[in-house]
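The values are calculated or read from the model by the stated rules, or taken from the named source; none is laboratory data. Since we're looking at a predicted model, the values are computed, not measured. Note that each Cβ is placed from the backbone with ideal geometry, even for glycine, and that neighbours are counted across all protein chains shown.
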Amino acid sequence: MRCQGIRPGSSGAAGDGRRCRWRRRRSARPCSVGGGGSLGFSLNALGRALFAPMYADPTTSANSARFAFLSLAARQFYTGWERVTHAFVGVLRVAAGKNPYDRELSNLIGELCTRSAIFRTMWGSHDVHVFREGTKRLRHPVVGDLELDHESMQLEDGLSVVDYSAPPNTAAEDALKLLASWSATATATASQEQDTDITSA
């Protein structure tokens, strides 16, 4: 079942081959960059650590909309899950209006309509949402509850960078520092294991 208002793309030109030019930077803040409205994005190391539950679910292909609507883990991860999913639908609605022939985007919306009755109902409400800035509340499996400010900055070629931060001297700031430490340790461990495998080969 396909949602109303979305036409199958006539070609993949809008989505195919578009690669993010943003280089993952070493930062004390989680950052993501994405474009095209499909809610797939690239993250720096701390960003991947922040959204670890999404990457832990292989069925969602590291896509935030798939994760939100199709993974049970999302209901635990996003505090205020219903509000978050409404925002995702609104973002997709805006993107679909701007890019009606984007095959990747139309396929994603069609998939969500088919697999999620909740998405299908929300899509029918025709709400729109422009992602700019606000507060995101998460329940991370490693560092616990997080309340982070986020701000979006538009770049060239329709790309946008989202920066997540915590107010100074708050529990959220401490949690981000703990998350950074956990991420660095996990990365170092993975690197050591890879070196061991190469040496043993």
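Annotations
- Candidates in segment 38-97 are the residues that are charged (D, E, K, R) and in a helix (DSSP H, G or I); of these, the one that is farthest from C113 (Cα to Cα) is R48.
- Restricting F119, F41, F67 to residues that are under 18 Å from H150 (Cα atoms) and either without any contact (Cβ under 8 Å) to a residue 24 or more places away in the chain or among the hydrophobic types (A, V, I, L, M, F, W, C) (or both) narrows the list to F41.
- Residue tally, condition in contact with a strand residue (DSSP E or B) (Cβ under 7 Å, 6 or more places away or on another chain) and assigned to a strand (DSSP E or B), over segment 133-178: 25
- Odd one out for N107, checked against (1) closer than 18 Å to L43 by Cβ; (2) outside any loop (DSSP other than H, G, I, E, B): (1)
- Residues (at pLDDT below 95 and touching a Gly at 6+ places or on another chain (Cβ under 7 Å)) located in segment 158-185: G158, L159, S160
- Condition broken by G144, with the remaining ones in (1) farther than 19 Å from A74 by Cα; (2) surrounded by fewer than 17 Cβ atoms within 10 Å (Cβ to Cβ) satisfied: (1)
- With respect to (1) in contact (Cβ under 8 Å) with a residue 40 or more places away in the chain; (2) small (G, A, S); (3) more than 21 Å from S183 (Cα to Cα), the lone exception for A52 is condition (3).
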